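Student: Here's a structure for you.
Just so it is clear, none of the values below were taken in a lab; they were calculated from the coordinates. The structure displayed is predicted, hence computed values, not measured ones. A quick note on method: Cβ atoms are made from the backbone with ideal geometry, for glycine too, and the neighbour counts reach across all protein chains shown.
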Amino acid sequence: MRKANGLLFIGDPHVSSRKPGRRRDEKYASTILSKVEYAISVANERKLIPIFLGDMHDSAVETDEGVKTRLIRILCDAWTKPISNVGNHDIRNTTLTTGDTLKMYAEAGVLVVADKSGPVETVMIGDKVVGIGATPYGQSWPTDARPLFGEVDTIIWLTHHDIAFENPYPGSIAPTSIAGCRLVVNGHIHLHKNPVRVLKTLWMNPGNITRQTVDTMDHDPAVWELTADSKFNKIRIPHEKGVFDLTGKLVDPIAQEQVSEQATETLAESEFVNLLSADSPMEMNKSDDGSILKEEIEEKFERENTPHDVRTLILHLHAEATSLND
């Protein structure tokens, strides 16, 4: 059983060789890797076990060997092996498989990766025995964690789900009580959320350490230390403020009309074509991954209360168009 002074929760890094959306970084990968490196340095200095909340990479398969090598080097510098949950960006299928980059890290012994819902490890924090469990994206967490561990003083669980904190999205999952578990730390949601308590289980969401989209512009990237005396300390990660290019918006929104189910696909394709052909002053600021256009599409959805089936079809067309450019 390894011993530490506490735990360090690190929100989704989304390490990538491709610059997303409106980010202005000339060397985006270096920017994100420096944040991971800073988090590991904090863990080393304070003797904390680093715990990544999922989405280590932005894509399940990171193709840039240099980026992977640099990340491995940083992770290997940790004083103790980091733990990582599995996020939706870590997997190409419904679960982690041998073709996914995060699986390679696990097999190489760089990370302890929680690839299925259940107990991960029992550790000694100060004089307390702490059971750590995790539920990857798309899997179900237990209602009672006590039978999963031996004699422990407390249990901490990791999730990577769309949990209904304040201002929840439609279809988000209500947090529940997990018997025996005092704390659940969630990834997946990009912004910090106020904690929610359900009976004796406290749910918290630190937010990403990487700001990928304009809606996270005011987010304060930070890691969170949990000490042996149960105190939470927010540790800000050094970062620049003006990292987004805010130039330009698409033309005036197209009027939304009620359409029958049979006409849904036709509307979706026509709206997508209009969005692609719109004169935009953003051409010089286009992203590597097509996410600026996706951002504008999603803003249009919200303005016009676009039906869910139309949204699904348009985003599917966007994904196909983006993949053709890879």
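Student: By count of other Cβ within 10 Å, fewest leading, how are Thr31, Thr201, Thr210 ordered?
Tutor: Thr31, Thr201, Thr210
Student: For region 199-209, in order, what is each residue's ³J(HN,Hα) by Karplus, 6.51 cos²θ - 1.76 cosθ + 1.60 with θ = phi - 60°, in whole Hz (x at glycine and Pro)?
Tutor: 6, 9, 9, 9, 9, 9, 9, x, x, 5, 8
Student: Okay, moving on. Short version: ³J(HN,Hα) in whole Hz for each residue of region 107-119, in order, from phi by Karplus 6.51 cos²θ - 1.76 cosθ + 1.60 (θ = phi - 60°), x for Gly and Pro, what are they?
Tutor: Computed from phi, the couplings for region 107-119 are 5, 7, x, 7, 9, 8, 10, 8, 9, 8, 5, x, x Hz.
Student: By average Cβ neighbour count within 10 Å, what is the ranking of 66-72, 299-305, 43-49 from highest down?
Tutor: Values: 66-72: 15.9, 299-305: 13.3, 43-49: 18.7.
The densest-packed peptide leads the list: 43-49, 66-72, 299-305.
Student: Still on this structure, I have one more. Give the Kirkwood hydrodynamic radius (Å, one decimal) of region 58-144, defined as one over the mean of 1/r across all pairs of different Cα atoms.
Tutor: Numbers: mean 1/r = 0.0710 Å⁻¹.
For region 58-144, inverting the mean 1/r across all distinct Cα pairs yields 14.1 Å.
Student: Could you line up Trp141, Trp203 from fewest to most neighbouring Cβ atoms inside 10 Å? The partial results should precede the final answer.
Tutor: Values: Trp141 21, Trp203 25.
Taking fewest neighbouring Cβ atoms as first place, the list is Trp141, Trp203.
Student: Note the direction-averaged projected area, equal to a quarter of the hull surface, for the Cα convex hull of region 3-236, in nm².
Tutor: With the hull built on Cα positions only, its mean projection is 12.0 nm².
Student: Under the Karplus relation 6.51 cos²θ - 1.76 cosθ + 1.60, θ = phi - 60°, what is the ordered set of whole-Hz ³J(HN,Hα) values for region 29-42, x standing for Gly and Pro?
Tutor: Rounded to whole hertz, the list is 4, 5, 4, 6, 4, 5, 5, 4, 4, 5, 4, 5, 5, 5.
Student: Using only the alpha-carbon atoms, what does region 31-101 span along each of its principal axes? Please give whole angstrom values in decreasing order.
Tutor: 37, 23, 18
Student: What pairs in Lys35/Lys234; Lys35/Lys116; Lys116/Lys231; Lys81/Lys294; Lys27/Lys294 have C-alpha atoms more than 25 Å from each other?
Tutor: Lys35/Lys116; Lys116/Lys231; Lys81/Lys294
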